[in-house]
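So the structure is just underneath, and the comments pick up after that.
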Amino acid sequence: MPTGACSTVWGSASPVNATDLESWLRQRRAQGLYRHREVVEGPQGAAVVVEGRRLVNFCSNDYLGLANHPDVVLAWQRGAERYGVGSGASHLICGHLRPHHQLEEELAEFTGRERALLFSTGYQANLGVISALTEPGDRVYQDRLNHASLLDGARLAGARLRRYPHGDTAILARWLARHPAALIATDGVFSMDGDLAPLPRLAELAKAHGAWLYVDDAHGFGVLGPDGSGTVAHYRLDQEQVPVLMATLGKAVGVFGAFVAGSQVLIETLIQKARTYVYTTALPPAAAEAVRASLGLIRRQSWRREYLKHLIERFRQGARELNLPLLPSATPVQPLVVGDSQAAVALARKLREQGFWVAPIRPPTVPPGSARLRITLTADHREEQVERLLTALTRCLA
Ligand SMILES: *Cc1c(COP(=O)(O)O)cnc(C)c1O
């Protein structure tokens with residue numbers, strides 16, 4: 001890892017021994033930046049049980065409510081019966097099983113790309129693809145609000161990474177005119193803001209300057225586009241306009257894993273060169289079977305997307321009436337900006353006392369001074385739960 005990577009990722013100097021670690025942890029607690037896990041009893045869903053209490057869950061990325069869908073669970077069970085639980089090796093040795101291959105073909109067809117390649121996680125895909133498509137020292141331009149894994153991907157590749165102001169294609173155009181880049185990377189839907197990248201303009205710029213355009217659609221895939229195939233479908237951009245499309249399978253798809261879709265040549269190159277593809281164990285085949293079932297539901301049950309859209313509109317209309325400081329987002333990610341980290345944590349705690357689970361998101365996940373509640377809506381929510389959240393928010397902010 002390049003020196004300084006820790007300080008950028010953690011927002012503070014990297015600790016070097018146990019005493020330093022303790023004081024670093026203390027400092028982090030004092031800044032309201034301390035993170036801890038909650039143990040959830042039972043499956044994901046609109047309601048979950050934490051510490052013996054039932055909470056309405058507004059922080060999951062299971063946007064379509066598929067993580068515990070009986071058909072998807074059954075596909076996983078049958079997959080395990082037929083193919084066992086482990087894939088046994090990496091894809092290139094002997095771990096590429098029939099369900100993986102079928103899933104890749106279905107993903108290529110669904111996204112309208114020549115080929116698709118499964119990765120075990122989205123984080124790995126972003127690390128592997130950027131390294132495979134660039135040489136050390138190449139310029140890589142990224143949106144300032146891109147997901148951490150895209151930034152880390154550029155760092156690992158040894159690229160000259162520059163981050164343009166969020167969505168600012170005018171500045172990007174100026175940079176490209178001066179110094180062409182090997183690759184431009186952007187989230188499709190920004191994970192902490194919920195807004196969409198200006199993909200049509202990015203596609204024009206990438207094409208004009210001979211750069212790869214890499215779109216990470218972790219939060220758009222399954223949710224956006226007429227068929228659910230994501231932000232690129234929403235904008236009707238084909239493989240030539242967005243040559244590298246990545247999406248994850250653990251969010252709206254409700255399972256686990258990720259894929260990259262694009263041309264035959266791109267995928268063959270990644271199979272040879274992407275180290276996070278070559279040197280890791282393939283996903284469990286049963287997971288691939290579960291994803292296949294989930295994709296079937298995404299394609300057949302457009303009501304999930306339509307109902308989710310209705311809930312989003314209902315929430316935003318209510319928030320407008322109550323003057324809540326929402327960011328402009330038309331996706332299931334609805335951020336309410338608080339500013340101060342401790343205030344965001346305190347607000348989340350108050351909501352929790354009223355039975356609502358909402359995640360406070362703090363720096364360095366978001367820029368300093370923009371701590372927020374990241375409210376996520378899913379097709380599992382009932383309208384009445386969204387209305388009760390609005391009431392609780394008004395009470396807690398009063
Ligand atoms: C979640 C996420 C990832 C990482 O995907 P995993 O499969 O969870 O590793 C990458 N990019 C974005 C934008 C994400 O939100």
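Structure notes:
- Number of positions in the range 104-143 that are surrounded by fewer than 20 Cβ atoms within 10 Å (Cβ to Cβ) and within 12 Å of the ligand (Cβ to nearest atom): 2
- Each residue in the range 192-222 was checked for being surrounded by 21 or more Cβ atoms within 10 Å (Cβ to Cβ), in contact (Cβ under 8 Å) with a residue 60 or more places away in the chain, within 19 Å of D62 (Cβ to Cβ) and within 12 Å of the ligand (Cβ to nearest atom), and 5 of them qualify.
- Flag for L156 being within 15 Å of the ligand (Cβ to nearest atom) and out of contact with any strand residue (DSSP E or B) (no Cβ under 9 Å at 6 or more places or on another chain): yes
- Each residue in the range 325-379 was checked for being within 22 Å of P165 (Cα to Cα), at pLDDT 95 or above and of a type in the set (S, T, N, Q), and 3 pass.
- Scanning the range 144-175 for residues that are of a type in the set (A, V, I, L, M) and closer than 17 Å to L133 by Cβ yields L150, L151, A154, L156, A157, A159, L161.
- Residues located in the range 370-396, provided they are aliphatic (A, V, I, L, M) and outside any helix (DSSP H, G or I): A371, L373, I375, L377, A379
- In the set Q317, Q272, only one residue is surrounded by fewer than 18 Cβ atoms within 10 Å (Cβ to Cβ), in the same structural domain as I93 (by TED's automatic domain parsing) and of a type outside the set (A, V, I, L, M); that residue is Q272.
- Residues that are assigned to a loop (DSSP other than H, G, I, E, B) and buried (at least 20 other Cβ atoms within 10 Å of the Cβ), drawn from the range 337-369: V358, R362, V366
- Among the residues of the range 301-326, none is identified as free of Cβ contacts under 8 Å to residues at least 60 places away in the same chain and small (G, A, S).
- Of all residues making up the range 40-58, the number that are part of a loop (DSSP other than H, G, I, E, B) and surrounded by fewer than 20 Cβ atoms within 10 Å (Cβ to Cβ): 7
- Within the range 82-123, tally of residues that are in a helix (DSSP H, G or I) and touching a strand residue (DSSP E or B) at 6+ places or on another chain (Cβ under 7 Å): 7
The values are calculated or read from the model by the stated rules, or taken from the named source; none is laboratory data. Bear in mind the structure is a predicted one, so any value in this text is a computation, not a measurement. All Cβ positions, glycine included, derive from the backbone under ideal geometry; neighbour counts span all protein chains shown.
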